[in-house]
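Here's the structure we're looking at; comments come further down.
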Amino acid sequence: MKFLFASDMSFYYIPVYPGDSAAEIVVSEVAEHFAQADFSIVNLETTLGIRENYAPIFKCGPNLMSSADFLHYINPLKPSVLGLANNHIGDYGEAAVYNTL
């Protein structure tokens, strides 16, 4: 049995969903590895939404939030599990967590 664990996937530092062919090539190459796994986990190290709609919590370090458009890059990977148990899921409060779910 083959397991694949991908950690800390976040799109926080890409301000706008690119939707370009270069990104599609990267995703297709990574998707090949996911397809070979019997079980795969991706840790989504961000909440999903529009930053202006949520107030960030006070904390040390960055508050991560990415556009839900970036799910376009996760869907082709077809992970068995999309993990949200990390130190950034609550960066913009409960409403952002519910939006991400």
## Note on the structure
Dividing the helical contributions, -39500 (n - 2.57) per DSSP H run of n ≥ 4, by the residues of the chain yields a 222 nm value, nearest 500 deg cm²/dmol, of -8000 deg cm²/dmol
### Task
Could you go through segment 88-101 in sequence order and give the Karplus-derived ³J(HN,Hα) for each residue, using 6.51 cos²θ - 1.76 cosθ + 1.60 with θ = phi - 60°, rounded to whole Hz, and x for Gly and Pro?
10, 4, x, 4, 10, x, 4, 4, 5, 4, 4, 4, 5, 4
### Message
Only bridges whose two residues both fall in segment 1-84 count here: according to DSSP, what percent of them are antiparallel, nearest 5?
### Response
0
### Task
Can you work out the accessible area per residue across the chain, with the rest of the protein chains kept in place, probe 1.4 Å, in square angstrom?
62
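Using alpha carbons only, what's the Rg to Rh ratio of the chain with Rh from Kirkwood?
On the way: Rg = 14.1 Å, Rh = 14.3 Å.
Rounded to two decimals, Rg over Rh is 0.99.
Segment 19-76: which chymotrypsin sites (Phe, Trp or Tyr not before Pro) are DSSP loop and have at most 13 other beta-carbon atoms within 10 angstrom? Write out the running numbers ahead of the final one.
On the way: sites: Phe34, Phe39, Tyr54, Phe58, Phe70, Tyr73; in loops: Tyr54, Phe58.
Sites meeting the loop and neighbour criteria: Phe58.
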## Note on the structure
Rounded to the nearest 10, the angle in degrees between the Cα long axis of helix 21-36 and the longest principal axis of the Cα atoms of the chain comes to 60
### Task
Using just the alpha carbons, could you tell me how many Å³ per residue the convex hull of segment 35-84 encloses?
85
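Multiplying the sequence separation of Ile41 and Ser21 by 0.36 nm and subtracting their Cα-Cα distance, what value in nm do you get? Intermediate values should be presented prior to the final figure.
Values: separation 20, 0.36 × 20 = 7.20 nm, distance 2.49 nm.
The Ile41-Ser21 span can extend by a further 4.7 nm.
The values are calculated or read from the model by the stated rules, or taken from the named source; none is laboratory data. This is a predicted model, so every value here is computed, not measured. When we count neighbours, we look across all protein chains shown, and the Cβ atoms used for this are built from the backbone with ideal geometry, even at glycine. Ligands, DNA and RNA are excluded from the accessible area calculation, which covers all protein heavy atoms including side chains. Shrake-Rupley method; radii C 1.70, N 1.55, O 1.52, S 1.80 Å.
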